[in-house]
Amino acid sequence: MKHLHLIFLLTIAAASIAPAQSAYKATPTQGNVENQLIELERQLSDALVKQDAAVLDRLWSNDLIFTFPNGKMSTKAERLAGQKPSDQSSQSTNTNDRVKVYLYGNTAVVTVLSTWKGKTGTQEYSDQYQATHVWVKQQGRWQLVAAHVSQVKK
């Protein structure tokens, strides 16, 4: 837990002194990393819709702290325990409408605006969520260490 707090504090500090993503041109290496993180966000969205615990286990760090829209928090183990593969009759979809990547060495802050659509019983829904994800390169691969999600009010 101390490790996660340190990462969070370092990320905030880096954000306050580093130029914003739009203020500089990405180098070829940065562009590749940004594309990789955007792809990981797509995989994460797909896995959340399918409730694919194997993919989520790969993408989520063992240190993951997730904050739900209602403010409640959970760990990776708690989130994985709640995953049940969705049946094919489920009509839920999740589209990442906007993904922005901010790189700070082996740490990245990614903001994601997504739209979730589906049906609960006979009730259709379409809700937008804004997420802030913190990814850290651990043991040679990017893993999600922190996520905070808020519903966008209409």
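The values are calculated or read from the model by the stated rules, or taken from the named source; none is laboratory data. This one's a predicted model, so the numbers in the text were calculated from it and none came from an experiment. With ideal geometry, Cβ positions are generated from the backbone for all residues, glycine too; neighbour counts draw on all protein chains shown.
Looking at the stretch 56-73, can you tell me whether even one residue there is in contact (Cβ under 8 Å) with a residue 60 or more places away in the chain and in contact with a Ser or Thr (Cβ under 6 Å, 6 or more places away or on another chain)?
Yes.
Can you confirm whether ALA146 is modelled with pLDDT of 95 or more, aliphatic (A, V, I, L, M) and within 12 Å of the chain's Cα centre (by Cα)?
Yes, satisfied.
Only strands (runs of 3 or more DSSP E) wholly contained in the stretch 9-126 count here; list those with 1 or more residues that are within 17 Å of SER150 (Cβ to Cβ) and modelled with pLDDT under 95.
Correct list: 93-104, 107-120.
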